[in-house]
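The values are calculated or read from the model by the stated rules, or taken from the named source; none is laboratory data. Quick caveat, the model's predicted, so the values are computed rather than measured. Note: ideal-geometry Cβ built from the backbone for every residue, glycine included; neighbour counts use all protein chains shown. Surface accessibility is based on the protein's heavy atoms, side chains included, excluding ligands, DNA and RNA. Shrake-Rupley method; radii C 1.70, N 1.55, O 1.52, S 1.80 Å.
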Amino acid sequence: GAQDRLSLVVNVVQVFGTVDPAKVTDYTEYMAAVNLYDALTTVSSGGEVVPQLAESWEVSDDNRTYTFRLKPDATFQDGSPVEARDVVYTMKRLLALNEGPAYLFSDLVQPDNVKAIDDHTVEIRIDRVYAPFISVTPLILVVNSDVVSEQDGEWGEDYLAENSAGAGPYNLTGWTRGAEMILERDENYHAGWPNERPIDELRFVVTRDEATVRALAQRGELGMSSQYQSSETYEAIAALD
């Protein structure tokens, strides 16, 4: 029932400027983006690059061609399958907009060198040998090309500035700029949920007012805080039951 829903309130001190995965520039925006979108790969708690939408990858003998095999059962939040063409569209969009994480790819990948070999195989050929290439693939946050291409503008910029079109575990359901952002758990998330009780709602509260942070904690609402608080605030929170 509704009373069993688990909600987590997270305090952040920076505003969310965008949720467009091709334009995120700071840790706050990325924190939202990785909950809304899945990438080809992700980073484990131990700091290792591990599969996410790609279940595996191979590197050519000349270390310039990377072939990613997508998980066959991966789906976007609207239930449609994640396919190689979505990755191609995502990369071409990222390179064309040339913002956010594009600087990691723009002098390394040509748009025509990102190809869909079949529905679940993507080939990316880089211009030169670049050993850390796999380490930047967690920033290839894949967008639903069917949804985005139907929006106004060539790359659906206005739409993705306010909405999500990804395969991530959460949906964007509320956003008051400069105040709060609300994400709701996608019960049909393709990667599944752990057996223990999952977090149903994430509510990011944007404030630099430490009295507000302490009040949230005192009311038992604060689940996680930004690291940018004073020692006095940490001590006040630590003293609570």
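The residues of region 68-105 that are open to solvent by less than 10 Å² (accessible area, probe 1.4 Å), among the small types (Gly, Ala, Ser) and within 20 Å of Thr18 (Cα to Cα) amount to a single one, Ala102.
Name the one entry in Glu162, Glu150, Glu201, Glu187 that is under 29 Å from Ser80 (Cβ atoms), loosely packed, with under 15 Cβ neighbours inside 10 Å and in contact (Cβ under 8 Å) with a residue 24 or more places away in the chain. Answer to the check: Glu162.
Looking for something open to solvent by 60 Å² or more (accessible area, probe 1.4 Å), over 30 Å from Leu240 (Cα atoms) and either modelled with pLDDT under 95 or touching a Cys at 6+ places or on another chain (Cβ under 9 Å) (or both) - is there at least one such residue anywhere in region 173-181? Full working, then the answer.
To start, the set of residues in region 173-181 that are open to solvent by 60 Å² or more (accessible area, probe 1.4 Å) comprises 173, 176-177.
Cutting the leftovers down to over 30 Å from Leu240 (Cα atoms) gives us 173, 177.
Pick out the ones that are also either modelled with pLDDT under 95 or touching a Cys at 6+ places or on another chain (Cβ under 9 Å) (or both) and you get 177.
For region 173-181, residues open to solvent by 60 Å² or more (accessible area, probe 1.4 Å), over 30 Å from Leu240 (Cα atoms) and either modelled with pLDDT under 95 or touching a Cys at 6+ places or on another chain (Cβ under 9 Å) (or both): present.
Count of region 204-228 residues, restricted to those that are touching a residue at least 24 places away in the same chain (Cβ under 8 Å) and in a loop (DSSP other than H, G, I, E, B), is 6.
Please go through region 1-39 and pick out each residue that is polar (S, T, N, Q), more than 15 Å from Ile182 (Cβ to Cβ) and open to solvent by 40 Å² or more (accessible area, probe 1.4 Å). Those that are polar (S, T, N, Q), more than 15 Å from Ile182 (Cβ to Cβ) and open to solvent by 40 Å² or more (accessible area, probe 1.4 Å): Gln3, Gln14, Thr25. Is it the case that some residue within region 124-133 is over 24 Å from Ile199 (Cβ atoms), free of Cβ contacts under 8 Å to residues at least 60 places away in the same chain, more than 15 Å from the chain's Cα centre (by Cα) and in a strand (DSSP E or B)? Yes, region 124-133 contains at least one residue that is over 24 Å from Ile199 (Cβ atoms), free of Cβ contacts under 8 Å to residues at least 60 places away in the same chain, more than 15 Å from the chain's Cα centre (by Cα) and in a strand (DSSP E or B). When restricted to residues that are within 30 Å of the chain's Cα centre (by Cα), exposed (fewer than 12 other Cβ atoms within 10 Å of the Cβ) and in a helix (DSSP H, G or I), region 229-241 contains 0. What is the number of the single condition among (1) in contact (Cβ under 8 Å) with a residue 60 or more places away in the chain; (2) under 18 Å from Val136 (Cα atoms); (3) not in a loop (DSSP other than H, G, I, E, B) that Glu55 does not meet? Of (1) in contact (Cβ under 8 Å) with a residue 60 or more places away in the chain; (2) under 18 Å from Val136 (Cα atoms); (3) not in a loop (DSSP other than H, G, I, E, B), only one is false for Glu55: (1).
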